[in-house]
Every structure is written in C-alpha cells, then in structure tokens.
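Reading through the structure tokens given below for one structure.
The values are calculated or read from the model by the stated rules, or taken from the named source; none is laboratory data. As the structure is a prediction and not an experimental result, all values here were calculated from the model. Cβ sites come from the backbone with ideal geometry, for glycine too, and all protein chains shown count toward neighbours.
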Amino acid sequence: MINRLSPPSRFIIAATAAAILSTWITPFQRDLFVGDETKYGQVVREMRATGAVFLPTLNGAPFTHKPPLHFWVVNMLTIPLGVYSTWAFVLPSLLAFLFLLWLMSKMGGPMAAFVCATSLMMWGSAQTARMDVSFTAFIVLGAWMLQQERLLAAGVAFGVATLIKGPMAPVIGVVLFLLEWWHLRRSPRGVVPAIAAMAVIPLLWFVPAMLIGGSAYTHEVIVKQTIGRAISTWVHNAPPWFYILHLPGILFPWFFVAVAALRGANRFYINWILAVLIPYSLMSSKLDVYMMTMIPPLALLIADSVEDSRPRLSGQRRAAVLHANRLTLAVLIVPVAFINRVPNEAKPLLIILAVAAALSLFAWKSEILSTIAVGIVPLVPIVYAALTMMPMINDIGSTRRLIAAIEKQRVAPESVALYTCPYLWSRDFPRELERVRYVDADNIGQPVVIAVMRSHANEIAATLRNYRRVDQLQMIGKWFDVYRR
C-alpha cells in the first residue's frame, strides 16, 4: 500500500523545498565577502599555488585557526571549478545543509527539517564559504547516534566534526553523554571505543601536523587557538550571559515559538541544548554563530510541540505555539514603522516584509500553517534582495572596491603592500594581483603603494609620512585609505 502524505505534511515539505532552493540563488552572482570568506579564499589559493595541502598556510605561515577538512574539500572542488568560482567555496555548505535537513527529517519529521531550514542563521550560513553548517550536521549525526546508544558511530561523527571546526565537537558530545548518563542512571556499553574514535580521527591529522609545523605551530594551536579562546580575553571576549541575551537574534524567527515549546519538552532535546549552551557560555571567546549547533535541537523541540499527540499536553502546547506564531508575525510588521530612517535601497524590503507578515497574520489560524508562515515570511524580502540587489551587495561586502583602487594606481603588484586589509578575491580577479604583499608593521618595507584600514593607520604612521593619500574607499562599513610614495 502506498503511504500518502497528509495535506499539512505536503505543505511543510513544499515550504522546505522552497527554502532549500532559495539558498542556491546567491552563488550565481556573489563574490566571497570580506572577513573569513576572503581569508579562506587565500588559504585555498595558497594550497593550489604551493601544494601546502596537508598543512594549509595563510600568507606563507601555517594556518592555525581551523582544522583542514573543510579546506581539503574546497581545494578538491577548485580543480574542476577554479579558484575564483564562488561555487567551489559554497558547495560544501549547500550540500551539508541538505545532509543536515535529511538528518532532521529522520529525527523529527518534515516540520523539524522546515524549522531548521528557515532559521535565518542556518539558512544564511548554508550559502557561505564557512564550515559552520558542516560542523553542525556532524554534531547532529553524533547526537542522533548517541540517542540510539550507538556510541561508536557517535564518536566517529564527533571526531569528523572536530576535523571540520575544532575541539568543541567532543566537548558537546561528552557533555551531552554525561547529561544523558545522569538522567538515565546507567552507562551504555561502548564508551571506550567511542572516546577512542572521537580522539583518534583528529589526531591522525594533528600529530603529523605538529611534526611538520614544529613547536611554534603546536604552541599556536594548543595554547592560543584552543586554550586561549576558552579562558583568555584576546578575542571576542564576552560575559557568560552573552548568549542568553542574544537568543532572540540567534534563533530568529523562532525565538518566541521555541520559548512556547519548552513546556513538556523532550528531555533529550533539553540536554542537547544545554550541552551546547553551557560550554560555549563558559568560554571567554563568544560569537553568535557558535550557537548554530543549538538550532537543531530547538527545531526538534518546536516540531515535537506543534505535532504533539499527548492528550494532556497537546492542546496546551499547540495553543502556545499558535500564540507565539502570531506574536512573531506581528513583530515582523513593526520595522516598517521606521521606513523613513533606512536607506532608500532598503525600503522595499521593509514593505515586502510587512505586507507578507500582515497577510500571514490574518490568513492563517492553524498552528501548522502559521508555523510555516513564520519560517517563510522573513525569507521573502531577503530572497528579493538576492535576486535584485546582488551587484550592490557585492560592491559593499566584497573586495571589489579595493581591487579597483589598486588597479587604478597602475603599478607592479609586487610594489603594493596591504596592511590590515582583507585578502583580495573576486570572481573576475585580476591574476597579477595574486602577487601583492600582505604585510605587518615589521616587514612593510618601502612599497610604492600602501593600502591600510584607516583605524590602524597610526600603527605605521612613521612609514606613511613619506606617502600621500591618493584614494579612499569603504568596505563593510569601514574606511580604507590608499597611499602612494
């Protein structure tokens, strides 16, 4: 007999498919954006140019910020697609997004996949050159295996996640296991092999990397990048309650719904949330994106609440979700009140958001359809922007302006020094600019042209006395100046 999907399930699957398809729009037009993306572009460019694949480099020095698995995958994709193809950099995230949603549907059904897909942080990250979605997908795989007490498979998943983004993967896995162990009052078999797999997989790379990179590399990875981020204040420092205060933005647009779904929540999902929230809150270094691994258990929790069939709680939980959905849609209308305070380019986006939210608010009265509306409505203006405004977004967010300013000087690339500037990358990148120099204060030399972030210009003030400013530009809201001798 053929299993036929119910009408609500078909709506949910169709909405999820629309959300997935919308993530494939931007790679056709966009460049890598200033920040981690252009930095990762330089890492992969050096892998191709120097053959430093096993131990990736950045500006000639071993790259210690992230493990290499993500860069290995991107490097392989650049072989058929090219170093200056956006697709080579974003395909790992797009494919990981599909894998993640498949896992979510297996764990919690179509609604869990939909909520995860339309969480703005997850949806946006699926289109980036970052490794956050891949990391999250393997954390979910590990948690799923742990839920089924398949500890060895869980250890393998957490080990792979460690090779993608670092040691927080085993921390999350161990904390989740301990919380479940404490709750169940028993320890399942296979703990030792699971721990061994979780440790051995990253060590198969890290031990040879330490031998190749030497003591300086080992010190940088262990002391600064691992221990330093956990206990020191050198980067992204914030208090323990940082994530609690940021949850409305981190979980957008699902914050109110998640709060409503907490009543009668599945204990495993709560432990999973705590396994992410507690370790990251105790770390000194904090960024909102670190909480991405908390979105899947919250999606499962929301799906469980919307589709709860328990007689005593189902009506109360569903009513709470419906009220939370209406509140979210009402809040989405509010920004249009500030339309006169935003640039003209952004005004259509606010209008589209308000109209879509208002129509959804008055049209849907069921918890399932209103939940679909909460997920889809915030994506509508963003997809509109991706279709109509990408050239302008590239101009603001990529290094195109800096590339144009350097080309305008008409000097040999070797005579250009970039100080505190992002690494250059664009889809039509002039290949000769691969030879520009990325310098620090100790090796700046006497180039013909110096480009510097304005806020850091005083650090090389003595050198700049011999130069005159010939150009200025703005990228990602920051000013950069171009000097010429």
Every residue in segment 412-453 that is among the aromatic types (Phe, Trp, Tyr) and in a loop (DSSP other than H, G, I, E, B), please. TYR423, TRP425, PHE429
Out of VAL411, VAL470, VAL449, which single residue is buried (at least 18 other Cβ atoms within 10 Å of the Cβ), among the β-branched types (Val, Ile, Thr), over 25 Å from ILE25 (Cα atoms) and not assigned by TED's automatic domain parsing to the domain that holds GLY60? VAL449
Taking ILE403 and the conditions (1) hydrophobic (A, V, I, L, M, F, W, C); (2) modelled with pLDDT under 95; (3) surrounded by 13 or more Cβ atoms within 10 Å (Cβ to Cβ), which numbered condition does it fall short on, given that it satisfies the others? (2)
Consider ALA169 against the criteria (1) assigned to a loop (DSSP other than H, G, I, E, B); (2) among the small types (Gly, Ala, Ser); (3) touching a Ser or Thr at 6+ places or on another chain (Cβ under 7 Å): it satisfies all of them except one. Which criterion is unmet? (1)
One residue is enough: does segment 64-71 have a residue meeting the conditions buried (at least 19 other Cβ atoms within 10 Å of the Cβ) and modelled with pLDDT under 90? yes
Do we find that PRO110 is touching a helix residue (DSSP H, G or I) at 6+ places or on another chain (Cβ under 8 Å), in the same structural domain as ALA299 (by TED's automatic domain parsing) and closer than 20 Å to VAL306 by Cβ in this structure? yes
Checking the structure you have, find out if any residue of segment 5-24 is part of a helix (DSSP H, G or I), under 30 Å from THR420 (Cβ atoms) and modelled with pLDDT of 90 or more. no
Consider ILE244 against the criteria (1) closer than 25 Å to LYS66 by Cα; (2) of a type in the set (Val, Ile, Thr); (3) modelled with pLDDT under 95: it satisfies all of them except one. Which criterion is unmet? (1)
Pick out the one residue from ALA137, ALA157, ALA126 that is in contact with a Ser or Thr (Cβ under 6 Å, 6 or more places away or on another chain) and surrounded by 23 or more Cβ atoms within 10 Å (Cβ to Cβ). ALA126
Among ALA113, ALA143, the single one that is assigned to a helix (DSSP H, G or I), within 19 Å of the chain's Cα centre (by Cα) and buried (at least 24 other Cβ atoms within 10 Å of the Cβ) is ALA113
Filter pass, ILE2 being of a type outside the set (Asp, Glu) and modelled with pLDDT of 95 or more: no
Looking at segment 47-63, which of its residues are of a type outside the set (A, V, I, L, M), surrounded by 12 or more Cβ atoms within 10 Å (Cβ to Cβ) and in a loop (DSSP other than H, G, I, E, B)? PHE54, PRO56, ASN59, PHE63
At pLDDT 90 or above, in contact with a helix residue (DSSP H, G or I) (Cβ under 9 Å, 6 or more places away or on another chain) and not hydrophobic (A, V, I, L, M, F, W, C): is that true of GLN42 in this structure? no
Those residues that are surrounded by fewer than 21 Cβ atoms within 10 Å (Cβ to Cβ) and either within 19 Å of the chain's Cα centre (by Cα) or not basic (Lys, Arg) (or both), I need them from segment 5-14; list them, please. LEU5, SER6, PRO7, PRO8, SER9, PHE11, ILE13, ALA14
